[in-house]
Amino acid sequence: MWIQRKITIDKKQKGFHLITDQVLNQIPEINKINIGLLHLFILHTSASITLNENMDKTVRDDFESYFDHLVPENQPYFKHVYEGPDDMPSHLKSSILGSSIFIPISNSCLQLGTWQGIYLCEHRKHAPTRDMILTIQGQKYAVEKMSEK
Amino acid sequence: MWIQRKITIDKKQKGFHLITDQVLNQIPEINKINIGLLHLFILHTSASITLNENMDKTVRDDFESYFDHLVPENQPYFKHVYEGPDDMPSHLKSSILGSSIFIPISNSCLQLGTWQGIYLCEHRKHAPTRDMILTIQGQKYAVEKMSEK
Amino acid sequence: MWIQRKITIDKKQKGFHLITDQVLNQIPEINKINIGLLHLFILHTSASITLNENMDKTVRDDFESYFDHLVPENQPYFKHVYEGPDDMPSHLKSSILGSSIFIPISNSCLQLGTWQGIYLCEHRKHAPTRDMILTIQGQKYAVEKMSEK
């Protein structure tokens, strides 16, 4: 069983944003899946996706501060500067954090750890909406199990 | 063919640990698979998984030193500090290194390069056991091939 | 439907190289796939794969400069030094950037964003050819759709 769709995440401020619920709302079919995997893929090179702590907003704040220190704007050796000082750092953060995640599915549920949430990492100061492709592949329940559900 | 199970890795010291054999021991069914993929997913936000050099212990030692320099404790701008000075750096290392890996399976074997091994990256000083979900999806051998094996 | 093959990328200079077309040329069967995923996996620990900006060569140049600053050679605490000063930084860059990527497939095409391209990140100064395993898993078109194509 394959499911694939494009989803659009509304414009976000530069920073790290928890989008677990927004993603879950897009995949009602997960309740038919016994074993599977969710792939979430962002179609951009200046934003990224990662998994991290889902409870305390200060973790996301510290991510933002840390990554601004790790990849500072206006490095003297930067050549790609014509799209603004936050552009090249955005590309670099995008590759350090990554453009896709996979999460296992078991028994109709995403198997995230207790503290794991999905972060959209927005690296641009004036960002557009962000498109993602969500792909699920999984094994449906055997018929006898489905009738119990 | 889908296989999925939760495995628990015993408590480790802070540092980078080779767990290739421990993972392989958990997947005897791999010998039925002609083509496939193994997904290894850690259910935590202060430990991570990566692939790197599988032979020389000094590589893992240098990983530990380097990542402690890359993400230092006690940054003046950290707000998320109540779980100890190694907590926020652990979250950051977790997203830089990543929480899952995929390895191709061919002809009943994990297709790792000669020098590739699986690292469990433990970022906390007093860490608990670590849970992972291991998912294999693959194509079984055609019947004639299976009878040869 | 599973497709898996090993591909070899010719020797590259240290730096970031766009290989999207080289990869696409290896997967003519993609035109049979309705929904699927491409996995690209590098069998080495001193080179990596990532997705980033596919147009402007200066982005790749800035990647090279930045990652040389992020992971400098000859750190006083490095122990793994006998393979040359660029060896340990190569291992570290390999885990920061990652050894595999996934790209969704829809309607016979890789679903890359407008600006996304595949980078081979070569971290060694005198690098060998690089082997990758390419795995595609996907759903074929239903018969009626195939006959239209």
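The values are calculated or read from the model by the stated rules, or taken from the named source; none is laboratory data. Model, not experiment: these values are computed from the prediction. Please note: Cβ atoms are built from the backbone with ideal geometry, for glycine as well, and neighbour counts cover all protein chains shown.
Which residues, taken from the range C:108-132, are in contact with a helix residue (DSSP H, G or I) (Cβ under 6 Å, 6 or more places away or on another chain) and within 14 Å of chain A (Cβ to nearest Cβ)?
Scanning the range C:108-132 gives C:Ser108, C:Gly117, C:Ile118, C:Cys121, C:His123.
For the range B:66-102, what are the residues that are small (Gly, Ala, Ser) and either within 10 Å of chain C (Cβ to nearest Cβ) or closer than 21 Å to C:Ser90 by Cα (or both)?
B:Ser94, B:Ser95, B:Gly98, B:Ser99, B:Ser100
State all residues of the range C:91-135 that are over 17 Å from C:Asp62 (Cα atoms) and in contact with a Pro (Cβ under 8 Å, 6 or more places away or on another chain); if no residue qualifies, say none.
The answer is C:Leu110, C:Gln111, C:Ile133, C:Thr135.
Any residue at all in the range B:57-65 that's of a type in the set (Ser, Thr, Tyr), within 28 Å of C:Asp87 (Cα to Cα) and more than 10 Å from chain C (Cβ to nearest Cβ)? Outline the logic, then answer.
From the range B:57-65, those of a type in the set (Ser, Thr, Tyr) are B:58, B:65; that's our starting set.
Okay, now just the ones that are also within 28 Å of C:Asp87 (Cα to Cα), so B:58, B:65.
Then drop every residue that is not more than 10 Å from chain C (Cβ to nearest Cβ), which leaves none.
Looking for residues that are of a type in the set (Ser, Thr, Tyr), within 28 Å of C:Asp87 (Cα to Cα) and more than 10 Å from chain C (Cβ to nearest Cβ), one finds none in the range B:57-65, hence no.
Evaluate the range B:100-115: report whether one residue or more is among the aromatic types (Phe, Trp, Tyr) and surrounded by fewer than 20 Cβ atoms within 10 Å (Cβ to Cβ).
yes
Step by step: first the residues of the range C:33-56, then only those that are more than 20 Å from B:Leu51 (Cβ to Cβ) and either of a type in the set (Phe, Trp, Tyr) or surrounded by fewer than 17 Cβ atoms within 10 Å (Cβ to Cβ) (or both), then the one that is nearest to the other protein chains (Cβ to nearest Cβ). Which residue is that?
Ranking the qualifying residues of the range C:33-56, first place goes to C:Asp56.
Any residue at all in the range B:60-70 that's of a type in the set (Lys, Arg) and surrounded by 20 or more Cβ atoms within 10 Å (Cβ to Cβ)?
Checked against the condition, which is being of a type in the set (Lys, Arg) and surrounded by 20 or more Cβ atoms within 10 Å (Cβ to Cβ), the range B:60-70 yields at least one hit.
So which of C:Gln26, C:Gln13 ends up being in a loop (DSSP other than H, G, I, E, B), closer than 22 Å to A:His39 by Cβ and either in contact (Cβ under 8 Å) with a residue 60 or more places away in the chain or in contact with a Pro (Cβ under 7 Å, 6 or more places away or on another chain) (or both)?
C:Gln26
Assess whether B:Phe78 counts as being at pLDDT 95 or above and closer than 21 Å to A:Leu37 by Cβ. Give the derivation first.
On the way: at pLDDT 95 or above: yes; closer than 21 Å to A:Leu37 by Cβ: no.
Spelling it out, it is not the case that B:Phe78 is at pLDDT 95 or above and closer than 21 Å to A:Leu37 by Cβ.
Consider A:Ile3 carefully, then state whether it is closer than 16 Å to A:Cys121 by Cβ and either within 14 Å of chain C (Cβ to nearest Cβ) or small (Gly, Ala, Ser) (or both).
In short, no.
Name the residues in the range C:125-137 that are among the basic types (Lys, Arg) and surrounded by fewer than 22 Cβ atoms within 10 Å (Cβ to Cβ), would you?
Hit for the range C:125-137 is C:Lys125, nothing else.
When only residues in the range C:74-99 that are of a type in the set (S, T, N, Q) and crowded, with 20+ Cβ neighbours inside 10 Å count, which is nearest to the chain's Cα centre (by Cα)?
C:Ser99
Of all the residues that make up the range A:1-27, how many are within 18 Å of the chain's Cα centre (by Cα), surrounded by fewer than 14 Cβ atoms within 10 Å (Cβ to Cβ) and not charged (D, E, K, R)?
Residues flagged as within 18 Å of the chain's Cα centre (by Cα), surrounded by fewer than 14 Cβ atoms within 10 Å (Cβ to Cβ) and not charged (D, E, K, R) within the range A:1-27 amount to 3.
So C:Ser147 fits all but one of (1) at pLDDT 95 or above; (2) loosely packed, with under 15 Cβ neighbours inside 10 Å; (3) more than 10 Å from chain A (Cβ to nearest Cβ); (4) more than 29 Å from B:Ile136 (Cα to Cα); what number is the exception?
Going through the list (1) at pLDDT 95 or above; (2) loosely packed, with under 15 Cβ neighbours inside 10 Å; (3) more than 10 Å from chain A (Cβ to nearest Cβ); (4) more than 29 Å from B:Ile136 (Cα to Cα), C:Ser147 breaks only (1).
Could you say whether any residue in the range B:52-70 is over 18 Å from B:Gln13 (Cα atoms) and β-branched (Val, Ile, Thr)?
No: the range B:52-70 contains no residue that is over 18 Å from B:Gln13 (Cα atoms) and β-branched (Val, Ile, Thr).
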